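Participant: Sending over a structure as structure tokens; questions will come in a sec.
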Amino acid sequence: MTIRTNALVGAGLAALLLATPAIAAEDEILIGGALSLTGVQAPLDTPGFKGAQVAVKALNDAGGLLGKKVKFINIDGKSDPVTVGNVAVQLIDEGAKLMVAPCDFDFGGPASREAQSAGIVGISTCASDPLYSSWSLGDKQFTLSMWNTTMGATAADYALKERGWKTAYVVTDQFIAYTKSLSKYFVEHFKTIGGEILLEDTYTNGDNDFSAQLSRLQALGKKPDVIFISSYGTDIAVMIRALREVGYNAPVLGGDSYDEPAIHEALGKKLGNDIYFVTHTWMGPEAHPDMPKFIQLYKDMYGEDPDTSFVATGWDTVMLMAEAVKIAGTTDGAAVAKALEEGEFKLLTGDLSYKDADGGHAPDKAAVLVELKGGTPSFLGWRRPASIPNP
Amino acid sequence: MSFFLQFMIDVLSLGGAYALMALGLVIVYGILRLVNFAYGELIMVAGYTMYLTSGSGLPWLVMAAVAVLMAMLAGIATDYVAFRPVRAKSVTAVLITSFAFSTLLQNAALLFISPRPRNVPLPEIFSETVQFAGVITPARNLITIATAVVMLALFSWLMRRTVLGIAMRAAATNFTMARMLGVPANLVISSAFAISGLLAGVVSMLWIGRIGAVVPGIGLEPLLIAFIATVIGGMRSLQGAVLGGFLLAFMDTTLNFTLPQDLLKFRDAFTFSLVILILLWRPQGLIKGPASGQRT
């Protein structure tokens, strides 16, 4: 009986949704979004979604875009690549002129492919794997994020050039393309600039058990200058906790998946020390003069402070789209893509310029370095590596 | 020697947690012949209770007790919401309602709390280390082993010495006969869910003690572990579940220690191959359990 009621309610809702199609009006520019608000991708996409909404409101309050009102409709991609693709098709049918794609190649790719085949520009909020390129997705597709090449190189430069840490121990979580390629580019760049990798180890996301890796590290007999852990989610805290507990106090380096207040708190005063990570931005005026303004607008809309800096990726994606449309003077896909390729943008998440379509739309982007001390993060500054590994 | 000791501590602490997870799943299965797929969410409920009470300033043990109690209540709620209304109808219906309840709880956490991780307070002792016989190990591991021993002893006493335990074992062997002899069906089933919740709550403290945070999907891994452990050990046997839990931990840890780097990323494939081999050898699982009665 419960099931039947559920099915009925579901059918009713579906009918309701179908009955009110949101066909874009003439005086509106529709931005479609396929961000996942439920499922495994929700932790990354929900902040982007919230930031994007703040940006749309700010655009409209400032008079819209090309004299038209901006409308943002996001349909939950449910962390399912097929659903993400279908949602993108539906939004394009409803007249979307631009597409906000989810924050990862596996989930965002389908939205970008649909945008490409409809001839419109699609931008992923924070996909950082170099797979997110015009080579694999088409000449109108971009990602707002730096690639893992930049992220890995920034971490390696910081370790060796700035701090003189010469030997590294690297742990790679076999979870997704992001965790694997981040380690790959860190190792590659660290070796190129003269560092030595003492040991590389693997971890399986969700294991919550780091004992075997620890005993291999102990068997090595040498202590590394720096520990690079590429993982995702709360497992990062599990590994750092395990290392610190048995006396490995070497600095720990990582990527943007460390940018999560819950991880910082989970490590706390005792274990959250000497941890450095490369991420998209810092939620303070040191990172960008407009940051306090964005935070204030966010607060006005949601009544609370942003709980992660990933909200800035949503704001930036919409603002980047708006700026490119302004330069192009139209929402035509080819013209907007050209504006993105040629422009240099000063975003909350760093200065950004793209290579052309033949260059994969590789983002040349600045990265933020953050230090964790006593469980509290602090801003170390912007970095733009002089050279990065080839994707 | 110290390596061996280290290895044993790792296996026993992981195995203890796995055994408790498996036991919580199998106690319901034994009576209803149905896997409760909302079991992982009981662990999640305990975790979020810890998060929500973390600002209260209560001592950690009190918060943990409240969290375990909430898991028990959620267990009983599973029975009332997902199982009781459709229990007499069809297996498929119960299977789907238990999935639905699991999704419902997960999405409630996602919508009303956050899809992002939330912090769970841990007592100081969870981050301390103990050094003996040349081995450095987190105190947490020893706590896990001790907790597992205490819980298993308590559970064994409950099942053997109390009226409720005997009634539950009777119901697990032949439910219809047990009912004819005056064992109240609803009470036995609700108790099984409550005990399942108790085990999930305790496991949650130990499991989250390794992480320090809770996310909506935290229950997935424990559910999978519990399921595999019970399949290895024998779906019908309580001892089998415990054995299966320890065996799974032993296999995982051994593979973690011995596989070369290139193969380590395929560890789960090796684990599951071993599980298949065990099942080919013993299709009923390692311990067969009581003669199978009819499902109710």
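Each reported figure results from applying straightforward, stated rules to the coordinates on display, with no laboratory input. These numbers were taken from a predicted model, which means no experiment stands behind them. Glycine also receives a Cβ, built like all others from the backbone with ideal geometry; neighbour counts cover every protein chain displayed.
Participant: Could you tell me which of the pairs A:K191/A:K270; A:K69/A:K180; A:K140/A:K191; A:K180/A:K326; A:K57/A:K180; A:K68/A:K293 are separated by over 30 angstrom between their Cα atoms in the structure shown? Don't skip to the end; give the middle numbers.
Facilitator: On the way: A:K191/A:K270 32 Å; A:K69/A:K180 41 Å; A:K140/A:K191 34 Å; A:K180/A:K326 38 Å; A:K57/A:K180 37 Å; A:K68/A:K293 24 Å.
Over 30 Å Cα-Cα: A:K191/A:K270; A:K69/A:K180; A:K140/A:K191; A:K180/A:K326; A:K57/A:K180.
Participant: Right, another one. So what's the projected area for the range B:45-90, the Cα convex hull averaged over all directions, in nm²? Don't jump to the answer; show the numbers that get you there.
Facilitator: On the way: hull surface 13.4 nm².
Averaged projected hull area, Cα only: 3.4 nm².
Participant: Under the Karplus relation 6.51 cos²θ - 1.76 cosθ + 1.60, θ = phi - 60°, what is the ordered set of whole-Hz ³J(HN,Hα) values for the range B:223-233, x standing for Gly and Pro?
Facilitator: Karplus-based 3J(HN,Hα) across the range B:223-233 equals 4, 5, 4, 4, 5, 5, 4, 6, 5, 5, x Hz.
Participant: To continue, here is another question. Looking at chain A, I'd like the Rg to Rh ratio, where Rg is from alpha-carbon atoms and Rh is Kirkwood's inverse mean 1/r.
Facilitator: So for chain A, dividing Rg by the Kirkwood Rh gives 0.99.
Participant: Compute log10 of I(q)/I(0) for the range B:177-246 with the Debye formula, placing one identical point scatterer on every Cα and leaving out solvent, at q = 0.17, 0.21 Å⁻¹, to two decimals.
Facilitator: -0.79, -1.02
Participant: I would also like to ask the following. Which residue fluctuates the most in chain B, going by a Gaussian network model with Cα springs under 10 Å, if the choices are B:L286, B:L73, B:L111?
Facilitator: Taking springs between Cα atoms under 10 Å, the residue moving most is B:L111.
Participant: Could you state the angle between the C-alpha long axis of helix A:333-342 and the longest principal axis of the C-alpha atoms of chain A, as a value from 0 to 90 degrees rounded to the nearest 10?
Facilitator: 40
Participant: Oh, and also: Relative to the longest principal axis of the C-alpha atoms of chain A, give the angle of the C-alpha long axis of helix A:2-19, reported between 0 and 90° and rounded to the nearest 10°.
Facilitator: Once rounded, the angle reads 60 degrees.
Participant: Highest GNM mean-square fluctuation, chain A, Cα pairs closer than 10 Å: which of A:K365, A:K293, A:K191?
Facilitator: A:K293
Participant: If amide hydrogens are placed 1.01 Å from N in the peptide plane, which non-local residues have theirs closer than 5 Å to the one on A:E94?
Facilitator: Distant-sequence amide H within range of A:E94: zero hits.
Participant: Could you give the radius of gyration (one decimal) and Dmax (whole number) of the Cα atoms in the range A:57-164, in Å?
Facilitator: When restricted to Cα atoms, the range A:57-164 yields Rg and Dmax of 16.6, 55 Å.
Participant: Stokes-Einstein D for the range B:242-289 at 37 °C, 0.692 mPa s, Kirkwood Rh over Cα pairs, in µm²/s?
Facilitator: On the way: Rh = 11.5 Å.
Roughly 285 µm²/s, to the nearest whole number.
Participant: Quick one: A:E162, A:E245, A:E26, B:E41, fewest Cβ neighbours within 10 Å first, how do they rank? Each step should come with its number before you reach the end.
Facilitator: Working: A:E162 12, A:E245 22, A:E26 6, B:E41 31.
Ranking A:E162, A:E245, A:E26, B:E41 by Cβ neighbours within 10 Å, fewest first, gives A:E26, A:E162, A:E245, B:E41.
Participant: Let me know the Kirkwood hydrodynamic radius for the range A:168-231, please, with Cα pairs as the basis and the value in Å to one decimal. The partial results should precede the final answer.
Facilitator: Details: mean 1/r = 0.0823 Å⁻¹.
After inverting the mean inverse Cα-Cα distance, the result is 12.2 Å.
Participant: Using all C-alpha to C-alpha distances in the range B:128-213, build P(r) with 5 Å bins and read off the rounded percent in each one.
Facilitator: Result returned by the calculation: 3, 12, 17, 17, 13, 11, 9, 7, 5, 3, 2, 0.
Participant: Continuing with the same structure: Could you give the distance between the Cα centres of the range A:44-72 and the range A:77-136, to the whole Å?
Facilitator: When both Cα centres are located, 18 Å separates them.
Participant: How shielded is B:259-267 by partner chains, expressed as the average number of their Cβ atoms within 10 Å of its Cβ atoms? All intermediate terms of the calculation are to be shown ahead of the outcome.
Facilitator: On the way: counts 2, 0, 6, 1, 1, 8, 7, 3, 5.
Taking all residues of B:259-267 together, the mean is 4.
Participant: I've got another one for you. What is the spread of the Cα atoms of the range B:171-296 along each of their three principal axes, largest first, in whole Å?
Facilitator: Each principal axis gives a Cα extent; for the range B:171-296 these are 58, 39, 19 Å.
Participant: On a C-alpha basis, how far is the centre of the range B:40-87 from the centre of the range B:121-142 in Å? Whole number, if you could?
Facilitator: 26
Participant: Determine ³J(HN,Hα), in whole Hz, for all residues of the range B:29-39 in sequence, where each value follows from phi through the Karplus function 6.51 cos²θ - 1.76 cosθ + 1.60 and θ = phi - 60°; x replaces Gly and Pro.
Facilitator: Here the 3J(HN,Hα) series is 4, x, 8, 9, 6, 9, 7, 8, 6, 8, 4 Hz.
Participant: Straight-line reach from A:K346: which aspartates and glutamates have Cα under 17 Å away, leaving out those fewer than 8 places along the same chain?
Facilitator: Within the straight-line limit of under 17 Å, A:K346 reaches these aspartates and glutamates: A:E286, A:D290, A:D316, A:E323, A:D364.
Participant: What is the set of long-range amide H partners of A:K355 at a cut-off below 5 Å, with H atoms built 1.01 Å from backbone N?
Facilitator: Under 5 Å from the amide H of A:K355: A:H361, A:A362, A:D364.
Participant: If you don't mind, another one. Along the Cα-to-Cβ line of B:F3, 7 Å from the Cα, sits a label point; which residues in the range A:192-215 have backbone N less than 13 Å from it?
Facilitator: Under 13 Å, as judged by backbone N against the label point of B:F3, lie A:215 of the range A:192-215.
Participant: Also: Over the range B:1-114, what per residue volume does the convex hull of the Cα atoms give, in whole Å³? List each step's numbers first, then the result.
Facilitator: Values: hull volume 15.8 nm³, N = 114.
Taking the convex hull of the Cα positions in the range B:1-114, it is 139 Å³ per residue.
Participant: So for the range A:96-225, Kirkwood radius off the Cα pairs, Stokes-Einstein at 10 °C and 1.306 mPa s: how many µm² s⁻¹? The partial results should precede the final answer.
Facilitator: On the way: Rh = 16.4 Å.
This corresponds to a translational diffusion coefficient of 97 µm²/s.
Participant: Please report, in whole Å, how far the alpha carbons of the protein assembly as shown spread along each principal axis, starting with the longest.
Facilitator: In descending order, the Cα extents are 83, 66, 50 Å.
Participant: Please give the direction-averaged projected area of the C-alpha convex hull for the range A:305-391, in square nanometres with one decimal. Intermediate results must be reported in sequence, preceding the final value.
Facilitator: Numbers: hull surface 29.9 nm².
The orientation-averaged projected area of the Cα hull of the range A:305-391 comes to 7.5 nm².
Participant: With springs connecting C-alpha atoms under 10 Å apart, model chain A as a Gaussian network and identify which of A:V89, A:V40, A:V252 has the largest mean-square fluctuation.
Facilitator: A:V40
Participant: Could you put B:S273, B:S13, A:S257 in order, starting from the residue whose Cβ has the fewest other Cβ atoms within 10 Å? Intermediate values should be presented prior to the final figure.
Facilitator: Details: B:S273 11, B:S13 27, A:S257 24.
Sorted ascending by nearby Cβ count, the order is B:S273, A:S257, B:S13.
Participant: Here's a follow-up. Calculate how large, on average over all directions, the projected area of the Cα convex hull of the range A:191-292 is; give the answer in nm² to one decimal. Walk me through the numbers before you get to the answer.
Facilitator: Values: hull surface 31.7 nm².
Orientation-averaged projected area of the Cα hull: 7.9 nm².
Participant: Now a separate question. Would you kindly work out the equivalent ellipsoid of chain B from its C-alpha gyration tensor and give its semi-axes, the square roots of five times the eigenvalues, largest first in whole Å?
Facilitator: Semi-axis lengths for chain B are 30, 24, 19 Å.
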